[in-house]
Structure formats: structure tokens, C-alpha cells
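The structure under discussion appears below in the form of C-alpha cells.
FYI, it's all coordinate maths here, none of it is from the lab. Treat the numbers as computed from the prediction; the structure is a model and nothing was measured. Cβ placement follows ideal geometry from the backbone for every residue including glycine, while neighbour counts extend to all protein chains displayed.
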Amino acid sequence: MWFCLSVCRGYSAAGEPTASVSKAGIHVTKGRPENPHALSVADVAALLETDPQTGLSQSEVRERLATCGPNQLRRQQTRSVFAILAHQFNSVIVWLLAAAALMSFLLGDVAEAGAIIVVLVLNGAIGFFTELRAARSMEALMRIAQIRTRVRRDGQARMVDAHQLVPGDVVVLEAGDVVTADLRISRAFNLQADESVLSGESVPEIKSEAATDREAVLGDRTSMAFKGTAITQGTGEGLVVATGMATEIGKISDLVERAQSEAAPLERRLDRLGHRLVWLTFVLAALTIGAGILRGHDVVAMIQTGVALAVAAVPEGLPVVATLSLARGMWRMARRNAVITRLSSVETLGATTVILTDKTGTLTENRMTVVGYLLEGHDIGLSAHGGGHILTGDDARLDPDEDKALGWAIRIGALCTNADLGDGGEDGRAGDPMELALLQAADQAGLSQSELLENFPEVCEHAFDPALRMMATVHEDGDRFLVAVKGGPEAVIDSAAYGLGPDGPRPLDDATRKAWKDRSSKAAQAGNRLLGLAMRHSETGEVDPYAGLTLVGLVCLNDPVREDVPPAIRASRAAGVRVIMLTGDHADTGAAIARQAGLGDGALQVIEGHELAGIDPDGISEEMRRRVLSVDVFARVAPETKLVLVSIFQKAGHVVAMTGDGVNDAPALKKADIGIAMGKRGTQVAQEAAHMVLRDDRFATIISAMRQGRVIFDNIRRFVVYLMSCNVSEVLVVGLAVGAGLPMPLLPLQILFLNLVTDVFPAFALGLGRGDGEVMRKPPRDPKEQILDRPRWRLIAVLGGLITIATLGAFLLALTWLALAPAAAVTVAFLTLALAQLWNVFNMRDPDAGLIGNDVTRNAYVWGAIVLCLGLIGLAVGLPSLANLLGLPWPGLDGLVLAAAASLVPLLLGQVWLALTGHGGR
């Protein structure tokens with residue numbers, strides 16, 4: 001095939017440009033026709049061997065895809081195993097451990113140096129496997145969120161993955177789409193594109209089919225649409241002339257170095273906490289060494305002890321467990337159809353106080369069905385029955401030829417559309433749900449889309465105008481032209497000059513218009529969505545489409561509330577999160593759906609968008625601010641109004657989650673604390689601006705993700721409190737003993753062993769908790785709240801102090817009451833501290849949860865960590881070779897009983913503290 005020797009010979013497998021070839025004087029270089037913007041649509045189509053009307057066949061697509069490769073930029077190399085491994089040793093904490101190992105080696109303590117190296121290796125291994133899984137999980141999430149685009153192949157419009165586009169494909173464009181390949185515009189109806197990603201110019205560019213000058217710069221190539229840009233207005237079609245690295249953005253991508261991702265606020269706070277603790281450790285170690293020397297202890301021994309204390313106090317696992325918790329939480333969310341695009345969003349989710357949600361597709365099924373037509377002098381109610389036919393109330397098949405107004409209403413609804421039923425299957429359907437419902441109604445009434453377009457060929461389209469709230473298409477109708485119009489009921493009624501009655505058009509007066517609007521309002525109060533349908537005939541196709549219209553009627557559509565929405569809204573209310581609905585529908589329709597969904601508390605407060613026109617969030621009156629903050633439903637809301645509402649709620653101190661699906665929603669999604677885009681019906685522009693993408697478009701998924709966000713933050717808090725209380729106890733046991741002139745209760749190597757065993761595994765287990773049943777029955781936390789607030793610092797001090805008292809008490813009793821040798825007494829202290837730290841994990845429960853049944857006791861990882869740690873502690877005392885290495889002689893049965901009993905004291909007193917103060921490790 002000549003095509004394969006030309007268009008697809010642009011880049012080699014390595015991404016380097018290859019030779020250029022030509023056909024009929026038209027050149028092809030670097031994977032794209034040369035200067036396609038300067039060629040006519042016919043020339044480009046001939047060059048690409050494609051038909052702009054029908055597109056490529058599936059067999060041609062397969063051949064070209066095999067030759068050209070997927071339509072994707074050369075992927076940034078994923079982080080290699082070696083890069084992730086090296087990252088584990090690039091921190092001040094690791095450097096401190098390495099310095100401690102070196103000092104121990106210089107002091108002649110090879111065993112201690114080896115132990116520190118083991119700590120380094122094990123912590124590095126844990127961090128390595130955790131980060132590796134997190135990195136691969138994020139790569140998997142990116143594969144989940146594949147961009148799809150609408151193309152015409154074999155004469156049928158269908159949705160395909162963007163990476164399957166090939167040169168010659170015909171791409172259908174609508175407002176809100178991200179252009180997924182470089183296109184030569186073949187059709188344009190009021191088409192505009194935001195090309196700021198390439199040109200830096202924020203004003204959208206108007207696009208047309210007309211060729212431009214060969215020397216035109218990128219920003220002046222109005223006949224082209226480029227990969228990565230966004231369609232902001234209108235509709236159109238384009239021929240793919242370049243894919244992947246052969247596109248304009250591919251050339252830029254080839255020059256851009258990989259950018260480093262920004263650490264999440266939570267990670268930064270944990271990192272700052274770790275650095276502060278490192279300096280605190282230095283101070284404590286220095287004080288301990290100084291006190292020991294003053295008490296007459298050996299200088300070398302005290303230096304070794306100081307090194308061990310430094311190692312013990314450093315929270316090596318802080319960043320590792322944070323990464324593990326966030327990555328695992330994000331993966332859990334992804335499995336529940338919530339794809340988090342920014343790591344920092346996980347933290348913010350748990351603090352959300354207000355959700356501003358769209359209605360259609362989020363609260364409702366997004367499965368529009370035509371349920372009736374309001375016509376001049378009569379209404380027709382419809383229902384689905386038997387073989388999918390549309391039936392009237394008397395169970396007769398709907399016949400558009402029996403009612404002239406009804407026939408035109410069905411035809412207008414099916415002609416004035418961008419949707420396509422395809423082959424009738426779900427995968428072949430493409431377009432707006434309302435338009436698909438109109439096509440389905442026509443099809444079931446015996447008027448297929450293909451038949452209608454054959455009888456009324458489309459001449460041009462006037463894209464939906466948000467200001468007019470109408471769209472129009474122009475069709476040939478014999479020797480005349482038919483203008484088909486649909487839009488908001490009020491807009492169509494106000495624009496119409498005539499009404500279609502049984503005897504033909506007759507003028508509309510104000511009273512008749514009011515009667516139509518009253519009928520529309522009454523239908524909307526029943527929860528229906530309404531569209532106005534109008535038409536006109538003209539001798540020419542170049543007319544004002546919205547002048548001289550004849551109102552045909554109104555079509556009623558219904559989109560039922562999802563079954564899982566009312567329970568999800570009840571759950572959000574229990575969690576202290578307010579849900580507010582934003583809709584473009586009539587106020588009555590919005591209120592009816594809101595009541596079905598369970599919104600509001602008592603009488604619903606509703607405001608229409610026109611009342612918010614011109615409001616400045618900074619200059620809003622106090623009365624209006626209070627009114628806005630109390631509203632349950634915002635009806636007739638324009639996309640630009642959403643940005644104002646987000647600002648008003650944020651200025652009132654709320655953490656705002658905002659849903660959106662359109663290109664005009666992108667500013668509000670970015671402004672919101674949590675921007676939530678729809679994965680099925682959302683535009684790529686909205687998805688790229690959002691912090692979270694709902695793959696199933698379900699409101700209940702937001703609540704599920706919010707719960708997971710709260711659980712993740714709680715888990716990290718639990719882990720930090722646990723780790724810090726254990727580290728504090730290790731430092732205090734040695735520091736107080738040295739300061740009081742007592743024998744050393746713990747040896748450096750023993751401290752290192754404890755730090756490795758009793759800190760790491762239970763802490764990781766706490767980071768993997770699934771949360772308790774009460775997490776969504778509590779108010780949202782303050783987003784400015786620190787991980788360790790004053791009550792939790794107090795809890796760390798109390799628990800660390802209790803473990804210290806129990807350990808030193810057991811040590812003194814072993815020396816005096818049991819009269820054990822100092823070495824055996826050290827074993828008692830070691831066992832007491834190790835077991836007390838293990839039991840301390842149960843002090844991390846939520847104080848509101850039960851003593852026995854709570855999130856910690858239900859965490860299988862906690863029990864696994866305890867069993868593992870008990871086994872390792874048993875080996876440390878019972879395995880002779882390991883006991884000799886650690887300096888742990890057998891303490892006898894009395895010593896074991898004393899250690900076990902003393903280790904329970906911090907757990908029992910910790911539970912008393914939780915009951916008295918109500919501040920847990922949560």
C-alpha cells in the first residue's frame with residue numbers, strides 16, 4: 001500500500017524522523033502530509049486515501065495501526081527498579097543510620113555496625129517494595145483512565161480509544177473534546193479551539209475548512225486542529241494527518257525533560273516532622289552521652305549508646321508508611337471507580353464539607369426516555385412496552401402519520417441532533433443522552449435516523465449557543481430547505497412567531513406563549529426534562545435559523561434518580577457533608593429530582609441562575625451570602641456561575657468538592673478543593689482539570705472515595721502516634737537510667753533489634769487499616785489541622801511515659817525483688833519494652849469504638865504483625881546464637897512472668913487514659 005510508504009514512514013521505532021516521500025507533488029515528511037493546512041480537504045483526503053463521509057474501514061484501520069503504531073507520545077520511561085532502589089537511600093534519616101554504622105565500626109563494634117546495616121537494608125527493602133508497588137499502581141491507574149474519541153468508520157460514528165487513531169481517520173469534534181491527533185478540518189460549524197497549550201494565546205481560535213497560506217505560522221493555521229488542544233465551541237470534523245510523535249505536540253514533547261512531580265502536603269508535613277525529630281534525636285543523644293560520662297560510664301560505651309538511641313528515635317518508616325497508605329488507598333478508590341489524579345487530593349477528600357453536584361448522570365441514571373409530547377391542544381403520554389415500541393395510553397402503536405404535529409415533533413427531534421444510534425448496541429451509541437432518547441423514540445415510531453437523513457439531507461448545522469440556549473440544523477426538503485430547531489422550552493417559545501395547530505401554523509400571542517410556559521412548568525414539576533421543538537421552511541439554506549419559527553411542541557423526557565443516591569446522600573449527611581445540586585433544568589424539575597434524591601432538610605431552598613448573574617464573591621452582600629449558603633438546588637445554572645459558587649462557599653470556610661463534565665466546568669473544577677469529573681460522559685478537558693475522575697459517573701462513588709480519604713488520614717495518624725510513642729519510650733528508658741546512675745537497662749544492639757521488630761511491622765499494619773464503621777458518622781476534620789495536634793502529642797507523651805515506667809520498673813524489680821544478675825535483668829527490661837510496644841498498638845483505637853471490637857482489633861494485618869514480632873522476640877531470647885549476639889541471657893520463668901505482667905501495664909492504663917480524655921490515636 002502506497003500509504004504505508006508515505007504517511008506511516010514518519011518516525012522509526014526509536015522515534016527518529018525518517019525519509020520523506022511524495023505522491024502527485026504532495027509531500028509527506030516526518031509522519032505527516034507536508035503543509036496539510038495549505039491543501040484542500042479533497043487533496044488531503046486523496047493523499048490519505050480516505051473518504052471524509054464514511055471514514056476508513058476496520059480492515060484499513062488495522063493495517064495502518066500495525067504499520068504506524070499507536071497514537072501516543074513516546075512514553076516517559078517508567079521509574080526503573082534501580083532508580084526506586086537508589087531513592088531509598090537518599091534521605092537524611094538514612095545518612096544518619098549510615099553514619100552510626102560507620103562510627104560503630106570505627107569503635108570496633110562490628111556486631112553493632114552489622115546490625116545497623118541490617119536495619120538499613122530491611123528498611124530500604126520495605127520502602128523499595130512499597131514504592132515500587134505504588135509506582136506500578138499509578139501506572140496501572142493511568143492505563144485505566146484511557147481517553148476515548150468519536151470517529152466515523154465504515155460510515156458509522158463510534159467511540160474508540162484515542163491511541164487507536166490512525167492517519168486517514170475521520171474524527172467528530174464537539175465542544176469539550178480534547179483533540180487527540182493533528183487534524184485537517186473538513187467540516188466546521190461555529191468551531192473554536194483553545195490552543196494555549198501550543199501557542200500560549202488564551203483567546204480561542206476560530207476554525208474553518210478553508211485552506212490557509214503555506215507559510216502560515218502555527219497559530220494562524222485555522223484549517224488545522226492540533227493534538228492536545230481543546231474544542232471550546234461548536235462542532236466539526238477533521239481528517240487525522242498525524243498521530244503520536246509526528247504531531248506538533250509530539251515535537252515539543254521530544255524536547256521537554258521529564259518534570260518531577262510535587263510532593264503531597266501530607267508527605268511534606270511528614271518529611272518536616274522527620275527532620276525535626278532527627279535534630280531532636282541529636283540533642284537527646286548528646287545529653288544522654290554527657291550524663292553517662294558524668295556518672296562514670298565508659299566513654300566508648302556511652303558513645304555506642306548514643307548512636308543506638310539516635311537510631312532508635314529516628315522514625316525511619318514515616319515516609320514509607322505514608323506512601324504505602326496513600327498508594328493503597330488510591331488503588332482501593334480506583335477499584336471502586338474513583339481514579340485520583342493528584343496524590344494530595346487523598347488528604348483533602350476527608351476534609352470535604354460541601355459537595356456541589358450535577359444532576360444528570362450523577363444523581364440520575366443518565367438514561368433519558370421520551371415520556372410524552374405537549375402539542376397544540378393536546379398531550380400525548382408515552383411508555384415502553386412489548387418489543388420496545390412506543391405506545392400511547394390506549395396501548396396503540398404510535399403512528400407519526402396520524403398526527404401532523406406529532407409527526408413533525410418526532411422528526412425535528414431526530415434531525416436536530418449530533419447523536420448517533422449506530423447499530424443499536426450500547427457500544428455503537430454516541431452522543432448526548434437526550435438526543436439519543438429522541439432518536440430512540442423516532443426509531444421505535446418507525447422513523448430511523450438513516451431514513452430521515454435520506455429524506456432530509458443535512459446541509460449545515462448551527463451549534464448549540466449557550467446564550468440563546470438553542471441549536472439548529474438545516475436540511476434539504478424537496479426544492480425547499482427545512483430548519484429544525486430544539487432548545488430550552490422558554491427560549492424556543494419566546495423565539496417562535498407561530499404555533500403548529502391542526503390546521504397549520506397560526507400566530508403566537510403573549511397569552512398563548514404564557515399558556516405554553518405554564519404547561520412546561522407543570523410538566524417540569526413532575527420531574528420531567530423538557531425541550532422545545534420548532535421549525536421553518538425557507539427557499540434558501542442561508543437564513544437566520546432562529547427567526548420566523550413555528551413552535552411544534554414540547555417533548556418531555558425523564559431521567560430517574562439512581563437507586564443508590566438516596567442512601568449515599570443520607571450517608572453524606574451523617575458524615576457532616578452537605579450536598580447541593582446544580583442543574584441546568586427548570587427550577588421545578590430540579591426541585592422534583594432533589595426531593596426524590598433526598599436532598600435538603602425539610603423545605604427545599606431553590607435559586608435560579610439569573611438571580612446570581614453579576615454576583616462578585618468578594619462584594620456579595622451579607623444577606624445574599626447567607627441565602628446562597630442555605631440553598632439546596634441551584635437551577636438554570638450556567639457553567640461560569642459554578643466558579644462563583646465555589647468561591648462563595650470557600651470564602652465561607654468550606655472545603656468544596658465540585659462535579660462537572662463540560663469544557664466550561666474546567667475553571668470551577670480547578671478552583672474547587674476537589675474537582676470531580678465524570679469518566680463516562682465527561683469531556684477530556686474536564687477530566688484533565690479535575691482531581692478525581694468517576695469512571696462510573698455515580699454520586700455514591702464520591703461518598704465511597706471520601707470515606708477512603710478519611711480512613712487514609714486516620715491510618716497515618718495512628719501510625720505516627722504509635723511510632724512516636726514507641727520511639728519516645730526507647731529514648732527515655734536509657735536516658736533516665738543513665739541520668740539516675742542506674743546500670744544500662746538496654747544495650748545498643750538490643751535497641752536496634754527492638755527498633756526494627758516492634759516499630760516497623762505493627763506500624764505498617766496500622767497503615768493498612770480499612771477504617772471503622774463510625775468514620776462517616778463524624779464531622780469532617782479541619783483541613784489545617786496538623787497530623788499531630790496538642791492532644792496527640794499529649795497522648796504520645798503519656799503512652800511513651802507509661803512504657804518507660806513499666807520497663808524501668810520491671811528492670812528494678814528484676815535486680816532487687818528477683819535478685820537477678822544485671823545481664824538477666826537487662827533481658828527482663830528488653831522483653832518488657834518489646835511486649836509493651838507490641839500491646840501499645842491496641843491503644844491506637846478510636847476512643848469512641850468498642851474496647852474489643854474496633855478498627856485495630858479487626859485489622860488482620862495487626863494480628864499478623866503481632867504474631868510475627870512475638871516469633872522474632874522469642875528467637876532473640878530462645879535461640880542461643882542470637883541471644884548471645886544480642887546479650888540476652890535466659891532470665892528464668894520468674895523473669896518471663898515479670899516481663900509479661902509489666903508489659904500489660906501501659907496497655908491497661910492507656911485504655912483508662914482513652915476513656916477519660918476521649919483522644920485516641922485516630
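Straight-distance candidates among the lysines for linking to Lys207, with alpha-carbon spacing under 21 Å and chain neighbours fewer than 8 residues away dropped: Lys227.
Expressed in Å, the radius of gyration and Dmax of the Cα atoms of the range 462-523 are 13.3, 40.
Distances between placed amide hydrogens fall under 5 Å for Thr229 paired with Val179, all partners being 5 or more residues away or on another chain.
Taking Cα pairs under 8 Å and at least six residues apart, what relative contact order does the range 593-739 come out at, in percent? Provide the component values of the computation, followed by the final result.
Numbers: 165 pairs, mean separation 19.6, N = 147.
Taking the mean separation of contacting Cα pairs over the length of the range 593-739, I get 13 percent.
Residues whose amide H falls under 5 Å from that of Glu376, counting only those 5 or more places apart or on a different chain, are absent, with hydrogens built in the peptide plane.
When only Cα pairs below 8 angstrom with a gap of at least 6 residues are kept, the range 369-558 shows a relative contact order of 24 percent. Fewest-first ordering of Val631, Val711 by other beta carbons within 10 Å of each residue's beta carbon gives Val631, Val711.
Residues Arg529, Arg707 in ascending order of nearby Cβ atoms (within 10 Å, fewest first): Arg707, Arg529.
Given R₀ = 56 Å, FRET efficiency for Val81-Cys460 by Cβ-Cβ distance, to 0.05? Could you put the intermediate results ahead of the total?
Numbers: r = 57 Å, r/R0 = 1.02.
E(calc), rounded to 0.05, equals 0.45.
Please give the FRET efficiency for His537 paired with Lys251, using the beta carbon to beta carbon distance and R0 = 51 Å, rounded to the nearest 0.05. E(calc), rounded to 0.05, equals 0.50.
Residue-wise HN-Hα couplings along the range 665-677, as the Karplus relation 6.51 cos²θ - 1.76 cosθ + 1.60 with θ = phi - 60° gives them from phi, are 7, 4, x, 5, 5, 5, 5, 4, 5, 10, x, 10, 9 Hz; Gly and Pro carry x.
Only Lys, Arg, Asp and Glu carry charge here, each on its Cβ (+1 for the first two, -1 for the last two); on that basis the range 670-787 has a dipole of about 620 debye about its Cα centre. Other residues lying with their Cβ under 15 Å from the Cβ of Val485 contribute a combined charge of -4, Lys and Arg counting +1, Asp and Glu -1. Which far-off residues, 5 or more places away or on another chain, put their amide H under 5 Å from the one on Asp358, with H placed in the peptide plane? Correct list: Leu582, Thr659. Model label points for Leu218 and Arg335, set 7 angstrom from Cα along the Cα-to-Cβ axis, are 4.3 nm apart. The stretch between Ser621 and Leu882 holds 86.5 nm of extra length on full extension. This uses 0.36 nm per residue minus the Cα-Cα distance. In this structure, Tyr861 and Leu294 have a Cβ-Cβ separation that, at R0 = 30 Å, corresponds to a calculated FRET efficiency of about 0.10. Distance between the pseudo-spin-label points of Leu851 and Leu812 (7 Å out from Cα toward the beta carbon): 2.8 nm. Compute the distance from the alpha-carbon center of the range 151-197 to that of the range 455-489, in whole Å. Measuring centre to centre over Cα atoms gives 22 Å.
In this Cβ point-charge picture (+1 for Lys and Arg, -1 for Asp and Glu), the range 369-558 has a dipole of about 780 debye about its Cα centre. One chain, two ends: Ala547 and Arg570. Fully extended at 0.36 nm per residue, the span grows by 3.5 nm beyond their Cα-Cα distance.
Dipole orientation for the range 369-558: of the candidates Ile410, Ser521, Gly422, Ser521 has the Cα lying most toward the positive pole (charges on Cβ; Lys, Arg +1; Asp, Glu -1).
If the segment from Ile206 to Gln911 were pulled out straight at 0.36 nm per residue, it would be longer than the present Cα-Cα gap by 246.9 nm. Listed cross-link partners Lys514/Lys642; Lys642/Lys784; Lys359/Lys670; Lys642/Lys680 are compared with a 23 Å cut-off, the Cα-Cα value being larger for Lys514/Lys642; Lys642/Lys784. Site pair Glu608 and Leu287 shows an inter-label distance of 7.0 nm when each label is modelled 7 Å from Cα along Cα→Cβ. Packing, taken as the mean count of other beta carbons within 10 Å per residue, orders the peptides 242-249, 828-835, 211-218, 484-491 from highest to lowest as 828-835, 242-249, 484-491, 211-218.
If you rank Trp516, Trp839 by fewest surrounding Cβ atoms within 10 Å, what's the result? Intermediate results must be reported in sequence, preceding the final value.
On the way: Trp516 24, Trp839 18.
So the ranking, lowest neighbour count to highest, is Trp839, Trp516.
Looking at the range 369-558, the pairs of alpha carbons with a distance over 24 Å make up 34% of the total.
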